Amino acid sequence: MHNDITILQAAHLPEKTERELQAAFDIIRFPKDHDEGMRLLAEHGPKIRGIAVRHAHIDKAMLDAMPALEIISSYSAGLDGIDVEAAQARGVAVQNTSKILAEDVADLAMSLAISVTRGTVRGHDFVRDGSWENGGTFPLGRSLRSLKTGIIGLGHIGSAVAKRLQATGATVAYQGPRKKPVDMAHFRTAKELAAWADLLIVTCPAMPETIGLIDQNVLDALGPDGFLVNISRGTIVNEPALIATLARGGIAGAGLDVFEKEPHVPEVLRKDPRVVLSPHMGSGTRETRQQMGDRLVEALLEHFAKR
């Protein structure tokens with residue numbers, strides 16, 4: 001164990017993960033109040049060599065207060081709260097858990113895609129409220145395998161989504177900064193992919209170049225018969241543009257697990273029957289959440305074992 005090594009815990013973690021961290025390292029907890037946290041770093045920052053993080057903001061000022069820092073280990077797949085560029089410039093390793101959670105997030109992406117294209121949530125309500133029994137006619141949905149599906153970002157999660165879609169017989173393409181050695185068409189921009197696609201699934205990480213990527217131009221290219229699914233980060237979709245597009249029938253529907261200012265979800269999205277919603281639960285299985293915690297600890301242990 002490495003009880004002589006001090007780790008800053010800036011995360012609420014599963015109980016097993018908390019125990020393992022405390023058994024292996026000297027733990028300092030970062031308080032909820034940022035100013036109080038900076039005072040803590042002024043006193044203890046020079047001895048901190050690692051950070052265990054979840055959703056906390058790790059900025060340049062915090063990094064400056066930890067000159068001995070060697071590694072940031074994130075419980076989450078996303079690194080959008082971490083100044084990764086500043087960390088890497090100092091030689092600080094940055095680890096996350098995107099590979100571990102990819103399969104469960106991809107399952108939810110498929111669930112949302114099927115729900116929004118087949119109307120399964122509306123069908124549930126149609127039966128529950130008695131409309132079916134009273135002679136109502138439920139509208140036809142769309143066949144998932146018949147829809148050309150574009151994936152924004154072909155990382156661990158995007159690749160897992162593509163594998164599932166291809167198993168249905170759907171035609172799949174992707175957009176990303178680099179062409180990859182895969183048997184799928186690559187589009188240079190999100191707008192070009194959206195113009196080709198009937199269904200657009202957002203799986204890319206939130207970075208300066210992806211914030212607001214799904215804007216009015218992309219939604220217009222997707223068109224009135226197109227569907228949008230977002231299981232990545234809410235900030236990647238321009239939420240006001242999405243709301244305006246839905247209001248005029250500019251797309252056919254959306255499946256959303258993430259939102260711009262979650263847990264706040266605009267009322268117009270909550271009430272729109274064409275929108276299927278879930279509470280940022282992409283990785284939310286007991287098995288995956290524990291594996292994420294295990295990997296957070298393993299990354300720290302492996303790093304300092306090499307040292």
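Remarks
- For the range 211-233, the criterion of being open to solvent by less than 70 Å² (accessible area, probe 1.4 Å), farther than 16 Å from ILE151 by Cα, touching a residue at least 24 places away in the same chain (Cβ under 8 Å) and β-branched (Val, Ile, Thr) is met by no residue.
- Number of positions in the range 139-160 that are within 23 Å of ARG122 (Cβ to Cβ) and not in a loop (DSSP other than H, G, I, E, B): 4
- Where a residue in the range 151-168 is more than 19 Å from LYS191 (Cα to Cα) and its partner, wherever it lies, is among the charged types (D, E, K, R), with Cβ under 6 Å and at least six apart: HIS156/LYS99; ALA160/GLU103; THR168/ARG145
- Qualifying residue in the range 247-270 (condition: among the basic types (Lys, Arg), in a helix (DSSP H, G or I) and modelled with pLDDT under 95): no
- Considering the range 8-49, and only residues there that are of a type outside the set (A, V, I, L, M, F, W, C) and touching a Gly at 6+ places or on another chain (Cβ under 6 Å), the residue that is surrounded by the fewest Cβ atoms within 10 Å (Cβ to Cβ) turns out to be PRO31.
- Matching residues in the range 122-155 - criterion: being closer than 17 Å to GLU103 by Cα and surrounded by 20 or more Cβ atoms within 10 Å (Cβ to Cβ): ILE151, ILE152, GLY153, LEU154
- The condition of being touching a residue at least 12 places away in the same chain (Cβ under 8 Å), surrounded by fewer than 23 Cβ atoms within 10 Å (Cβ to Cβ), under 21 Å from the mean Cα position of the chain (by Cα) and within 21 Å of LEU144 (Cα to Cα) holds for VAL275.
The values are calculated or read from the model by the stated rules, or taken from the named source; none is laboratory data. Computed from a prediction, not measured in an experiment: that's the story for all the values here. Don't worry about glycine lacking a Cβ; one is built from the backbone with ideal geometry, like all the others, and counts go over all protein chains shown. The protein model used for the area step is the full one, side chains on, heavy atoms only, and it has no ligands, DNA or RNA in it. Shrake-Rupley method; radii C 1.70, N 1.55, O 1.52, S 1.80 Å.
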